[in-house]
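The values are calculated or read from the model by the stated rules, or taken from the named source; none is laboratory data. Just so you know, these numbers come straight off a predicted model, no measurement behind them. Glycine also receives a Cβ, built like all others from the backbone with ideal geometry; neighbour counts cover every protein chain displayed. Accessible surface areas use protein heavy atoms only, side chains included; no ligands, DNA or RNA. Shrake-Rupley method; radii C 1.70, N 1.55, O 1.52, S 1.80 Å.
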Amino acid sequence: MTKASGTPAADPREEIVEHLPALRAFAFSLTRNSAAADDLVQDTVVKGWSNIDKFEVGTNMRAWLFTILRNTFYSNRRKMRREVADSEGTFAEGLAEKPAHDGRLQMADFQRVFAKLPDEQREALILVGASGFSYEEAAEMCGVAIGTIKSRTNRGRARLAELLGLGSDEIGMTDSATMAVLSRSSSKPL
């Protein structure tokens with residue numbers, strides 16, 4: 001880069017340092033917190049430095065940096081509105097995720113126990129519970145009365161719960177198919 005007079009132009013990056021005190025004052029006026037102001041100035045300098053190729057030499061560097069600082073401040077503010085403040089870790093402390101292997105182990109237990117049921121009960125549970133057919137549809141498919149399907153389904157669910165060691169109110173399975181097979185609350189399962 002050369003100036004119109006023929007002398008080499010200074011690197012615009014060198015000018016950034018000159019504006020640090022003014023940037024700091026502007027950042028403090030926006031944040032009202034010295035640590036946050038320092039962080040904001042640092043972010044501004046990093047963005048300015050990495051995007052120096054977008055700066056037009058001969059224009060106002062200070063105005064360009066102030067624009068970056070202002071835009072960064074408002075972008076951070078919008079982002080903070082969408083986030084939950086948890087400085088003491090109270091919310092994070094309560095978060096938990098079940099290990100993935102628990103589901104595989106429970107499913108293996110379920111499959112082992114499910115295989116012990118009589119064929120008619122397994123068939124009824126698969127049709128009504130896992131496949132989502134109504135009692136009427138399952139009865140028609142099996143060629144039996146609706147009451148027979150209801151009875152087989154109920155006995156199968158009760159036996160599964162017994163073999164799995166589940167109480168009448170608790171269903172420890174997490175996958176939807178297992179929950180549907182064990183569910184007693186509706187005639188048309190999940």
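One residue stands out in the stretch 148-175 among those that are closer than 15 Å to F110 by Cβ and at pLDDT below 60: the one that is least open to solvent (accessible area, probe 1.4 Å), namely M173.
Might you check whether a residue that is open to solvent by 60 Å² or more (accessible area, probe 1.4 Å) and touching a residue at least 24 places away in the same chain (Cβ under 8 Å) occurs anywhere in the stretch 80-100? For the stretch 80-100, residues open to solvent by 60 Å² or more (accessible area, probe 1.4 Å) and touching a residue at least 24 places away in the same chain (Cβ under 8 Å): present. In the stretch 36-55, the residues that are farther than 19 Å from A25 by Cβ form Cβ pairs under 9 Å with partners that are open to solvent by 40 Å² or more (accessible area, probe 1.4 Å), at six or more places apart or across chains, as follows: W49/R13; I52/D11; I52/R13; K54/W64; F55/W64.
The criterion of at least 3 residues that are modelled with pLDDT under 85 and small (G, A, S) is met, among helices (runs of 4 or more DSSP H) falling completely within the stretch 47-121, by 100-114.
Yes/no matrix, rows are residues, columns are (1) open to solvent by less than 60 Å² (accessible area, probe 1.4 Å); (2) touching a helix residue (DSSP H, G or I) at 6+ places or on another chain (Cβ under 8 Å):
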| site | (1), (2) |
| --- | --- |
| A10 | no, no |
| H19 | yes, yes |
| L23 | yes, yes |
| Q42 | no, no |
| K47 | no, yes |
| S50 | no, no |
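Once the stretch 122-138 is narrowed to residues that are assigned to a loop (DSSP other than H, G, I, E, B) and free of Cβ contacts under 8 Å to residues at least 40 places away in the same chain, the residue that is nearest to the chain's Cα centre (by Cα) is S131. Could you list, in sequence order, the residues of the stretch 115-147 that are acidic (D, E) and surrounded by 15 or more Cβ atoms within 10 Å (Cβ to Cβ)? E120, E123, E137 - these are the residues of the stretch 115-147 that are acidic (D, E) and surrounded by 15 or more Cβ atoms within 10 Å (Cβ to Cβ).
Taking the criterion of being in contact with a Phe, Trp or Tyr (Cβ under 8 Å, 6 or more places away or on another chain) and over 22 Å from R78 (Cα atoms), would at least one residue in the stretch 25-45 satisfy it? No, there is no match, as no residue in the stretch 25-45 is in contact with a Phe, Trp or Tyr (Cβ under 8 Å, 6 or more places away or on another chain) and over 22 Å from R78 (Cα atoms).
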